[in-house]
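Peer 1: What follows is a structure written as structure tokens; I'll ask about it next.
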Amino acid sequence: MSAVADDVSRYLTSLPRGLGRAVPHDALGFYALESRGLPVRIALEAAESLDISRAQLASLLRISESTLSRRIQEDANLRGAEVDALYRVLGVLGVAHRVLKNRENVVSWMSRSQPGLDGRTPLDLIGSNAGAEAVRLLLEQIYHGLLP
């Protein structure tokens, strides 16, 4: 199993309302979800877990605020690139919750500049695949006691 898929699966399983369907446990299962999409409420719960605004969420998903508002109003599923972006964010959230243990620690850590990220905040980086990978790597190093 992919480490990212495992963390995403664990995070989705921990949500009060869950995914609303069976949570995949591997990368291919999440790939299959792309065609069906993910409920926009999952993105909203991720934003709440990160204590970010809808504008910041839209930026992370690489969509406009008006598109996000429309998805919310219509209770629509995110699809395609939106799901890819959400998967990236959920992967970081999953490892952050595993390593930092609770929402308060996650919110605090994600919004502070981190020496292991050249002084950038994790929230500034998770909008891209490379940035999200750097954040996940730093969290794994913290988890294993290998601070940079």
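The values are calculated or read from the model by the stated rules, or taken from the named source; none is laboratory data. Just so it is clear, the model here is predicted, and its values are computed rather than measured. Counting neighbours? That spans all protein chains shown, and the Cβs are built from the backbone with ideal geometry, glycine included.
Peer 1: Out of the range 66-79, which residues are over 23 Å from Asp124 (Cβ atoms) and either aliphatic (A, V, I, L, M) or crowded, with 19+ Cβ neighbours inside 10 Å (or both)?
Peer 2: Selection gives Arg71, Ile72, Ala76.
Peer 1: Quick check on my filter: what residues within the range 46-74 are outside any helix (DSSP H, G or I) and either of a type in the set (Phe, Trp, Tyr) or within 14 Å of Ser111 (Cα to Cα) (or both)? It would help to see each step written out before you state the result.
Peer 2: Narrowing the range 46-74 to residues outside any helix (DSSP H, G or I): 51-53, 62-64, 74.
Scanning the range 46-74 gives Asp51, Ile52, Ser53.
Peer 1: Could you say which residue among Val99, Val107 is under 16 Å from the mean Cα position of the chain (by Cα), of a type outside the set (S, T, N, Q), closer than 18 Å to Val4 by Cβ and part of a helix (DSSP H, G or I)?
Peer 2: Val99
Peer 1: Please list, ordered by first then second residue, the pairs with beta carbon atoms under 9 Å, 6 or more apart or interchain, first in the range 68-95 and among the hydroxyl-bearing types (Ser, Thr, Tyr), second part of a helix (DSSP H, G or I).
Peer 2: Ser69/Arg54; Ser69/Ala58; Tyr87/Val4; Tyr87/Ala5; Tyr87/Val8; Tyr87/Phe30; Tyr87/Leu33; Tyr87/Glu34
Peer 1: Kindly check whether there is at least one residue in the range 28-36 that is touching a residue at least 24 places away in the same chain (Cβ under 8 Å) and buried (at least 17 other Cβ atoms within 10 Å of the Cβ).
Peer 2: Taking every residue of the range 28-36 in turn, at least one turns out to be touching a residue at least 24 places away in the same chain (Cβ under 8 Å) and buried (at least 17 other Cβ atoms within 10 Å of the Cβ).
Peer 1: If I ask for residues that are crowded, with 16+ Cβ neighbours inside 10 Å and either over 15 Å from the mean Cα position of the chain (by Cα) or among the β-branched types (Val, Ile, Thr) (or both), which ones from the range 17-26 would you list? Can you show your working first?
Peer 2: Narrowing the range 17-26 to residues crowded, with 16+ Cβ neighbours inside 10 Å: 19, 23-25.
Of everything in the range 17-26, those that are crowded, with 16+ Cβ neighbours inside 10 Å and either over 15 Å from the mean Cα position of the chain (by Cα) or among the β-branched types (Val, Ile, Thr) (or both) turn out to be Val23, Pro24, His25.
Peer 1: Still on this structure, please answer the following. Going by the conditions given, is Leu123 modelled with pLDDT of 95 or more, over 11 Å from Leu50 (Cβ atoms) and assigned to a helix (DSSP H, G or I)?
Peer 2: Here the answer is no, as Leu123 does not meet what is asked.
Peer 1: Further question on the same structure: Would you please name the residue that is surrounded by the fewest Cβ atoms within 10 Å (Cβ to Cβ), looking only at residues in the range 39-65 that are free of Cβ contacts under 8 Å to residues at least 12 places away in the same chain and among the charged types (D, E, K, R)?
Peer 2: The residue in question is Glu48.
Peer 1: Can I ask one more? Within the range 1-40, take every residue that is closer than 24 Å to Glu140 by Cβ and assigned to a loop (DSSP other than H, G, I, E, B) and give me the one that is modelled with the lowest pLDDT.
Peer 2: Looking only at the range 1-40, we keep the residues that are closer than 24 Å to Glu140 by Cβ, and these are 1-15, 23-31.
After this cut, where a residue has to be assigned to a loop (DSSP other than H, G, I, E, B) as well, the list is 1-2, 15, 23-26.
Details: Met1: 44, Ser2: 68, Leu15: 83, Val23: 82, Pro24: 86, His25: 81, Asp26: 86.
Among those that are closer than 24 Å to Glu140 by Cβ and assigned to a loop (DSSP other than H, G, I, E, B), it is Met1.
Peer 1: Exactly one of (1) surrounded by 15 or more Cβ atoms within 10 Å (Cβ to Cβ); (2) under 21 Å from Pro24 (Cα atoms) is unmet by Gly127. Its number?
Peer 2: Exception for Gly127: condition (2).
Peer 1: What are the pairs, 6+ residues apart or on separate chains, where a residue within the range 110-131 that is hydroxyl-bearing (Ser, Thr, Tyr) has its Cβ under 6 Å from a residue that is crowded, with 17+ Cβ neighbours inside 10 Å?
Peer 2: Pairs that qualify, where the first residue is hydroxyl-bearing (Ser, Thr, Tyr) and the partner is crowded, with 17+ Cβ neighbours inside 10 Å, are Ser111/Leu123.
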